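Comments concern the structure below.
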Amino acid sequence: MQRVLIVLLFCIPSMATAAQTQPFTRDGLDYKLDLPSASWRVVSRLDVHDHVEFVYGDHYSNGQLRLRQKFVNARATPTDLFSHDEIWELRRLPGYVVCNDGSGEDFGGQLKGTAFSYEYINKGRNMDGRIYYLQVDNRTFYVLHFTVASDQLQRVRSQMDSIVKSFRLK
């Protein structure tokens, strides 16, 4: 009986976490992912195209995910993609600093990829960014770009990794 209670004590928290996971997909999108808690909400952003973004809680500074597909030349690496994003987007951010000398961390999930981290300042608030480049084939990457206030990073970092690990093609 005691062993059953011990097993239940370890299983119940993981079952509760699994029960909170919410699958996300939408017509017209080539991918699916799992949101690890109900605090992540879907936000549509319309510019030339309708884009799907995800926000943690009630404000973008609590955590934001922007997702896009990139078509590249056959020899492009995640480091090449990050260097391009640095030149055209990231270096323009106030207080931009790349972490780990710009070297990426290999990351595995449904799709393998590389993650890069950086810091910047937004309206006087320290922010962290983390970009995951997931490779589908030699010409296609999905880019999952998270930003979060530095004081909120500890709260959502494991959820960011969870979302990326769950990312898969339909």
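Looking only at the range 142-170, how many residues end up being among the aliphatic types (A, V, I, L, M), farther than 11 Å from G63 by Cβ and touching an Asp or Glu at 6+ places or on another chain (Cβ under 9 Å)?
2
List the strands (runs of 3 or more DSSP E) inside the range 34-143, counting only whole elements, that have at least 3 residues being not charged (D, E, K, R). Break it down stepwise before answering.
Working: elements: 40-46, 50-56, 64-71, 105-107, 113-122, 125-137.
Result: 40-46, 50-56, 64-71, 113-122, 125-137.
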Among the residues of the range 134-164, count how many are more than 24 Å from N122 (Cα to Cα), over 9 Å from the mean Cα position of the chain (by Cα) and not aromatic (F, W, Y). 7
Being surrounded by 16 or more Cβ atoms within 10 Å (Cβ to Cβ) and either over 19 Å from I121 (Cβ atoms) or free of Cβ contacts under 8 Å to residues at least 24 places away in the same chain (or both) is the filter here, so list the residues in the range 74-85 that pass it. A76, P78, L81, F82
For the range 106-117: of the residues being of a type outside the set (S, T, N, Q) and touching a helix residue (DSSP H, G or I) at 6+ places or on another chain (Cβ under 6 Å), which is farthest from K170 (Cα to Cα)? F116
S14: modelled with pLDDT of 95 or more, over 17 Å from V143 (Cα atoms) and not in a strand (DSSP E or B), yes or no? no
Just one of D58, D47, D106 is free of Cβ contacts under 8 Å to residues at least 60 places away in the same chain and more than 20 Å from R157 (Cα to Cα); which is it? D47
Select, from F116, F71, the only residue that is crowded, with 17+ Cβ neighbours inside 10 Å and either among the aromatic types (F, W, Y) or touching a His at 6+ places or on another chain (Cβ under 7 Å) (or both). F116
Would you call L153 free of Cβ contacts under 8 Å to residues at least 40 places away in the same chain and in a helix (DSSP H, G or I)? yes
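The values are calculated or read from the model by the stated rules, or taken from the named source; none is laboratory data. If you're wondering where the values come from, they're calculated on a predicted model, not measured in any experiment. Cβ: placed from backbone, ideal geometry, glycine included. Neighbour counts: every protein chain shown.
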